[in-house]
1. If the chain between residue 153 and residue 336 were fully stretched, how many nm would it gain, using 0.36 nm times the residue separation less the Cα-Cα distance?
2. So between residue 56 and residue 39, what do we pick up on full extension, going 0.36 nm a residue minus the alpha carbon distance?
3. Per the 1.4 Å probe, what fraction of the accessible area of the chain, in percent, lies on carbon and sulfur atoms?
4. Using alpha carbon centroids, what distance separates region 311-340 and region 179-217, in Å?
5. Specify the residue with the greatest mean-square fluctuation among 290, 202, 28, computed from a Gaussian network of the chain linking alpha-carbon atoms under 10 Å apart.
6. By a straight-distance test (C-alpha under 29 Å), which lysines pair with residue 159 as possible cross-link partners, with residues fewer than eight away in the same chain excluded?
7. Measure nothing fancy, just the Cα-based angle from helix 236-256's long axis to the longest principal axis of the chain, in degrees from 0 to 90, nearest 10.
8. Using the C-alpha gyration tensor of region 96-153, what are the square roots of 5 times its eigenvalues, in whole angstrom, with the largest one first?
Amino acid sequence: MAFDFSFPTRVVFGSGSLNQLGRLVRDYQGSHVFLITDQGLAAAGHEQRAVDSLKEAGLSCTLFDGVTPNPTTDDVQRAVDSINGQSIDFIVGLGGGSSMDCAKGVNFLLTNGGRMEDYWGVGKATKPMLPFIAIPTTAGTGSEAQSFALIANPETHMKMACGDKKAAARVAILDPELTLSMPPKVAAVTAVDALSHALETYVTKKRTIVSRMFSLEGWKLLTQAFPVMFKNSEDVQSREQMLLGAHWAGAAIEQSMLGAAHFNPIHGIAVGVMLPHVIRFNAEVVPHLYGELAESIGLCADDDPEAGERVAEYAKHLVELTGLPTTLKDAGVDRSKFAVMAAEAAKQWTGTFNPRPVDAENLQELYECAWN
């Protein structure tokens, strides 16, 4: 029951809430904002809405819209260089997890100097950081609820988790209208990512009563949203549920970390493929936790010995609703590389939080189970 909990991020939720950006920055004494986003958001019109809100509040704005998927240290440095000596006192990250991670990375370098590699780990920033507002346009990563920036090495593509409580957003603006512009494939992948976050955070070794509260609420919202959203993509209520569910699942990650479905080098589509197999694998050691998840949405009683299987099958069903593949074969993964994939995955630190120990051997077995 013991825990040490703080949640520094104010959450402003609701359709049209992006329009409050300028007022919120001004409330936190910002005057010159560095807005970090990607060009897809410019095409969707969201970038201009953010700029207009800032200007209407009488604020200066410097824009960087060159964020690429899975940002690297080079992306962060390019963003910092684009400031070109201007005096910045506030940062806004608008977009998916990549834009928000890049914004956090920029905050580290602007305020504490050095390179991103200097902040790999937890609590490496020694100086205060700039106030930061995160605005997700996808319902998936929950990055707006986390103090970690995931920044990749451009040569090895290995992601560095750079975490510091000072890097957490002061405000997260959750505007479901922004998610309507997601392409169907992006909506599917991010929704499955959010689902995996809710399920994995509920059972990790680092779980607490607080993280489980966030995980459970995220799970209930996401399972309500999936059947509706992937039948009618314009349904606003399901978009609201999906975005808020992803946020709560992201808040759970901040407290409890993730598990073996994320413990592999084939992130993205493959997370949804691996999820049911990891649930079955973990159910041998935490069956009561899957029982609680199952009962919460009416799958079975919490003491049902088949609860883990029922949650695994339901997770697979939800992935099927998105149209994404449910086998590694259909996902285009090369079976001959399973041994190499498992060896690489076994080196990643996230697996240490899985409730059942994982190593290269049982990871390869999981890949084989997920093949077809």
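1. Extra length from residue 153 to residue 336 when fully extended: 63.3 nm.
2. Length difference between fully extended and current span is 3.9 nm.
3. That share works out to 51 percent.
4. Region 311-340 and region 179-217 have Cα centres spaced 17 Å from each other.
5. 28
6. Once the sequence-local lysines are set aside, what remains near residue 159 is 104, 124, 127, 185, 205, 206, 316, 329, 337, 347.
7. 80 degrees
8. Semi-axis lengths for region 96-153 are 20, 12, 9 Å.
The values are calculated or read from the model by the stated rules, or taken from the named source; none is laboratory data. Not measured: the values here are computed from a predicted model. All Cβ positions, glycine included, derive from the backbone under ideal geometry; neighbour counts span all protein chains shown. SASA here: full protein model, heavy atoms, side chains in, ligands and nucleic acids out. Shrake-Rupley method; radii C 1.70, N 1.55, O 1.52, S 1.80 Å.
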